[in-house]
């Protein structure tokens, strides 16, 4: 967990390549090679808002693009609502899709309740750009056999958005999904595990990008196709450095680049970790104002996606757990104002070693956890540097805390040197047994041994598939990413 592996870089022309990538990613994403997304969704039953019970709102038809005969315009008051009564042939999970428009820039959040029980608290309904621009948001809830009441209640003084209809697929998500996101849907923390929409613990496995300011040329349509369909990865960690030539130098450029890569991961059915890659200085509070700005925009833009995780502090160092906790408790509410559902990943002390690299351990978090729900704590290891003490700490912590290994390598903590595959396998086995998700550092052709591609692969735009372009560490981690997923849904 030393910073050397991250920022020593001496390639010329990266800025031009990065700009070219940004232009390419901003365009419509290339469809993944796998045919998974071509299947037709299951039929849903539409329930128009104008035929529902309305409290403190009006049925109107003055904005084009609605279905049925109109839509409901909520009064600008907290507590206004639309309530549908729907029938279900049998009890079970259902997908609830609300179609809405919001011509303001404010998030008009609503509580969604089913039979009086909150299914989604303060669900984000961000601006859509115009009152004639309609979009949808989907959640999963349990219905009982027979009549059910579904209510969407405004939670802000601005009221709710204009609501067009509620569509219900009582069969739940479409059957036969093949991508990780199609199968698992919106993730959430349940106890000490990361769980899918069926409430079952899952383990995600995938790769972390290198710093986008240096290796954006390694994040292309071809490389992401390979990650999704050749590596069979479940998750892509998008590493945006704050210093070291990253976000602070051009917030607009790097935010747009992250937006674009999120869309690319989404198009391929992968989960995406938005990594606020703070490193030096090691106190995350130094960048709190920047983090507020960045995560506000990202959460507003992507609130309706099911495939995100927010990593809010990559590797704190030289700072107490209490200060990291304070940072998290200030930033998480900012995210929750716009996105109440996406899991948040909180960095831990001493380069996310649970404090081990600064002579502590997991007990400081167990005894003083972050005061927030739907969060996990991160752990980073490098197998050639971090032996039994680190492994045992992760094992103990995973029994008491929700853990996610957002970064690891088979080399030393510098990201370079010889590979200790035997020690790395011990970690892999532990993470599999306890369903600890992971992403490996890193999906680039950096000169160090921890970068999976051989030198020149990215500048030559591939080849990306198979083992030919890979270094030994790349061959090793690809094999462990490709093994069959265990995603229980029943």
One finds the C-alpha centres of the stretch 281-316 and the stretch 84-125 to be spaced, in Å, by 26
Could you list 151, 301 so that the one with the fewest beta carbons within 10 Å of its beta carbon is first and the one with the most is last? 301, 151
For the chain, take the longest principal axis of its alpha carbons; what is the angle in degrees between that and the long axis of helix 321-336, to the nearest 10 within 0 to 90? 40
How do 190, 218, 195 line up, fewest other C-beta atoms within 10 Å first? 190, 195, 218
Exposure proxy ranking, count of Cβ atoms within 10 Å, fewest first, for 325, 426: 426, 325
Taking Rg and Dmax of the Cα atoms in Å as the quantity of interest, determine which of (1) 24.4, 78; (2) 22.7, 68; (3) 26.1, 88 was computed from the displayed structure. (2)
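Tell me what the chain gives for mean residue ellipticity at 222 nm when only DSSP H runs of n ≥ 4 count, each as -39,500 (n - 2.57), the sum divided by the residue total, rounded to 500 deg cm²/dmol. Walk me through the numbers on the way to the answer.
Working: 13 runs with 126 residues, N = 490.
Result for the chain: -7500 deg cm²/dmol, rounded to the nearest 500.
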Inter-probe distance in nm under a simple model that places probes 7 Å from Cα toward Cβ, at residue 433 and residue 90: 3.9
In degrees rounded to 10, the 0-90 angle between helix 288-302 Cα long axis and the longest Cα principal axis of the chain is 50
How long are the semi-axes of the equivalent ellipsoid of the stretch 76-187, taking √(5λ) for every eigenvalue λ of the Cα gyration tensor, in whole Å from largest down? 24, 18, 11
Stokes-Einstein D for the stretch 429-473, Kirkwood Rh over Cα pairs, 25 °C, 0.890 mPa s (µm²/s): 210
How large, in Å, is the stretch 214-309 by the Kirkwood hydrodynamic radius built from its alpha-carbon pairs? 14.0
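Please report the relative contact order for the stretch 45-169, taking Cα pairs under 8 Å with a sequence separation of at least 6, and give it as a percent rounded to a whole number.
Numbers: 358 pairs, mean separation 48.4, N = 125.
That works out to 39 percent.
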Between 0 and 90 degrees, rounded to the nearest ten: what's the tilt of helix 251-267 against the longest Cα principal axis of the chain? 80
Thinking of the stretch 128-239 as a set of Cα atoms, what percent of all their pairs are more than 16 Å apart? 75
Label-to-label distance, nm, for residues given as residue 51 and residue 359 (7 Å Cα→Cβ offset): 7.1
Looking at the chain, what % of its DSSP beta bridges pair antiparallel, to the nearest 5? 65
Relative to the present Cα-Cα distance, how much length would full extension add between residue 475 and residue 371 at 0.36 nm per residue of separation? 33.4 nm
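Assuming R0 = 35 Å, can you tell me the calculated FRET efficiency for the pair residue 322 and residue 157, based on Cβ-Cβ distance, to the nearest 0.05?
It comes to 0.50.
No value in this document is a laboratory result; all are computed from the given coordinates. Not measured: the values here are computed from a predicted model. Every residue, glycine among them, receives a Cβ derived from its backbone with ideal geometry; neighbour counts consider all protein chains shown.
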